[in-house]
Structure formats: structure tokens, C-alpha cells
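The values are calculated or read from the model by the stated rules, or taken from the named source; none is laboratory data. Model, not experiment: these values are computed from the prediction. Because the Cβ atoms are built from the backbone with ideal geometry, glycine has one as well, and the counts that use them run over all protein chains shown. In case anyone asks, the SASA skips ligands and DNA or RNA and just uses the protein heavy atoms, side chains included. Shrake-Rupley method; radii C 1.70, N 1.55, O 1.52, S 1.80 Å.
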Amino acid sequence: MLGVIAEASSDEPLPRVLSPGLYIVATPIGNLGDITLRSIETLRRCDAVACEDTRVTGRLMKHLGLSKPLWRYDDHAEAKDRERLIESMRSRAVALVSDAGTPLISDPGYRLVNSARAEGIAVTV
């Protein structure tokens with residue numbers, strides 16, 4: 001189950017303001033038009049986005065007409081980067097995206113999820 005604490009069903013609308021925590025967001029593989037409405041809403045309502053490559057995620061955000069702080073979190077991220085993100089999640093909704101697809105499969109997102117869970121921070125898919 002990859003350490004997920006909460007999973008909202010697809011028929012539940014997102015709250016107007018997201019609660020603090022970590023939100024796992026799938027991104028399109030190839031065609032930016034393949035992004036889901038739920039992913040768009042999560043990116044619209046989050047406070048910041050943790051991503052592998054700010055340039056790649058920046059293009060997606062621009063395509064969606066969104067502007068959020070983008071924080072690099074990739075294979076080269078150190079423990080201090082993870083700690084900074086965990087601290088931010090205590091008071092902010094932080095979305096985690098990969099360059100394409102769903103985070104956690106072949107990127108360092110699993111470390112962030114494990115750290116968030118260990119600190120009692122909600123993780124939502």
C-alpha cells in the first residue's frame with residue numbers, strides 16, 4: 001500500500017482549502033492533456049509543490065495556468081531537504097509530483113512518505 005494514510009474516493013469533492021499534509025498527485029505521461037480533474041484541483045488548492053525537476057513541473061503548472069512555489073525533491077535530495085518539507089507539511093498542503101506518472105514507484109517519494117508517516121503527517125492520494 002506504499003504507506004498511504006488516507007485515500008479519498010473519486011466521488012468525494014476536494015475541500016475548498018486543503019488540510020496540511022502531503023498530497024500524492026499523478027501527472028500525465030507524455031500528453032499534458034491527460035491530467036485528471038482531481039489532480040488539477042489538488043494542484044490548484046495546495047500551498048506548494050515538491051517535484052523532481054522544477055522545469056518540468058513548471059511547464060505543467062504553466063499549461064494549467066497555476067503558480068505555486070516549486071520545491072525540488074529528487075534522487076539527490078538530502079535528509080535536510082526532506083526535513084524542510086516535513087516541517088512545511090505541518091502547516092501547509094504540499095503536493096508531491098514526479099516528472100511523469102505517479103510518484104513513489106521509481107523516485108525518492110517513498111522516503112518522503114515514510115518520513116511524513118513517522119511524524120504523524122497525513123498523506124493523501
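With respect to the numbered conditions (1) over 11 Å from the mean Cα position of the chain (by Cα); (2) farther than 22 Å from residue 119 by Cβ; (3) not in a loop (DSSP other than H, G, I, E, B), which one is the sole condition not fulfilled by residue 86?
(2)
Condition (residue is at negative phi, at pLDDT below 95 and over 12 Å from the mean Cα position of the chain (by Cα)) applied to segment 113-122: is it met by at least one residue?
Within segment 113-122, one or more residues are at negative phi, at pLDDT below 95 and over 12 Å from the mean Cα position of the chain (by Cα).
Is it true that residue 68 is open to solvent by less than 80 Å² (accessible area, probe 1.4 Å) and modelled with pLDDT of 95 or more?
Here the answer is yes, as residue 68 does meet what is asked.
Could you say whether any residue in segment 94-104 is part of a helix (DSSP H, G or I), open to solvent by less than 70 Å² (accessible area, probe 1.4 Å) and either at pLDDT 95 or above or in contact with a Gly (Cβ under 6 Å, 6 or more places away or on another chain) (or both)? Working first, answer last.
Initial filter on segment 94-104 (part of a helix (DSSP H, G or I)): none.
No, segment 94-104 has no match at all.
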